[in-house]
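Asker: Got a structure for you, written out below as C-alpha cells; questions coming shortly.
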Amino acid sequence: MVDLAKNIQQVRERIDAAARRRGITGEDITLVGVTKTVPATIINQAIQAGLGHIGENRIQEAREKLAEVQSPVVKHMIGNLQRNKVKYAVKLFDMIQSVNSIILAEEINAKCSKDGVIMPVLIEVNTSGEPSKVGCQPGEALTLLQAIDRLPSLSVKGFMTIAIFDPDPDKVRPCFRQLKEIFDRAREIPLHRADLSVLSMGMSHDFETAIEEGATMVRIGTAIFGERDKPEGE
C-alpha cells in the first residue's frame, strides 16, 4: 500500500534540499504529480494529502477520470497532444505543456478563441536529441516562441523538456542546462503576450538535478504513486 502523504512529504523535502543548493527555497518550485494510470480515487487522496497540481499524458484517460477528480487542483496536459484531441484538451486542462509546433499552437488558439479562454502553454523542446521524443528542436525554440506569442488566445509561460533517461546526473544535466539557456535568451526578446516564468523539467529519477539547473516545475509520478506497468512518461 502506497503511503501518499509520506511520499509527497519526502518529495517535497528533496525539492527543498535541491532548491537550497541553488540558493532558493522549495516554495519556488511547483510540484506536478504525474497521474497517468492512477485512478481518480487515488488522485483524490493525493490532493487531500496536499498535492495541488496533477499532470496527465493521454486525453482519453483524462476524459474518463478527471470529472471525478476533486477540486481545487490545477490540471496539466503533459503528453503528446494530437490536433484532433485539442478540442478536449482545452476543456480538460488548465495548462498545456506539450506545444511543439506552430500548427498545434494554432489549433489550440482556434479552440480557445471559440470558447473565449486564454490557455497558458509551455513550448516542449527536445533537448535529448532522441528521435523517440517529441518537441521542437532547440534551435527552433525561440522562433516558435515568437510565432506563438502572436496568437491572442495563448499565453506562453515557458518551456518544458524530457531529458535522456540515465542514472548519471552528469549525463542528464546538459539537457536541463540547454533548456535554461534557451529560457534565459527568450527572456531577452521583446514579447507581446508571453510571461516567461516556468521551466518544467525533471522527473522522479532526475528532478533534483533539474532543480539545480534552473527548473521551476517538476513532474513526479513514481516517487509519489509508486511503480507502474509502463514508464510514467512524466
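Every number in this text was worked out from the coordinates using simple rules, so none of it is lab data. If you're wondering where the values come from, they're calculated on a predicted model, not measured in any experiment. Cβ: placed from backbone, ideal geometry, glycine included. Neighbour counts: every protein chain shown.
Asker: Any residue in region 155-173 that is surrounded by 19 or more Cβ atoms within 10 Å (Cβ to Cβ) and part of a helix (DSSP H, G or I)?
Answerer: yes
Asker: Could you list all residues from region 174-183 that are under 30 Å from K111 (Cα atoms) and either in contact with a Ser or Thr (Cβ under 7 Å, 6 or more places away or on another chain) or not in a helix (DSSP H, G or I) (or both)?
Answerer: Correct list: L179 only.
Asker: Return the residue satisfying two criteria in turn: it lies in region 20-61 and is in contact with a Leu (Cβ under 6 Å, 6 or more places away or on another chain) and under 21 Å from G202 (Cα atoms), and of such residues it is surrounded by the fewest Cβ atoms within 10 Å (Cβ to Cβ).
Answerer: A46
Asker: OK, next. Can you tell me which residues in region 104-139 are farther than 19 Å from A186 by Cα, in a helix (DSSP H, G or I) and among the aliphatic types (A, V, I, L, M)?
Answerer: Of everything in region 104-139, those that are farther than 19 Å from A186 by Cα, in a helix (DSSP H, G or I) and among the aliphatic types (A, V, I, L, M) turn out to be L104, I108, A110.
Asker: Just the residues that are among the polar types (S, T, N, Q) and either touching a strand residue (DSSP E or B) at 6+ places or on another chain (Cβ under 9 Å) or more than 19 Å from R177 (Cα to Cα) (or both), please, taken from region 88-129.
Answerer: Q97, S98, N100, S101, N109, S113, N126
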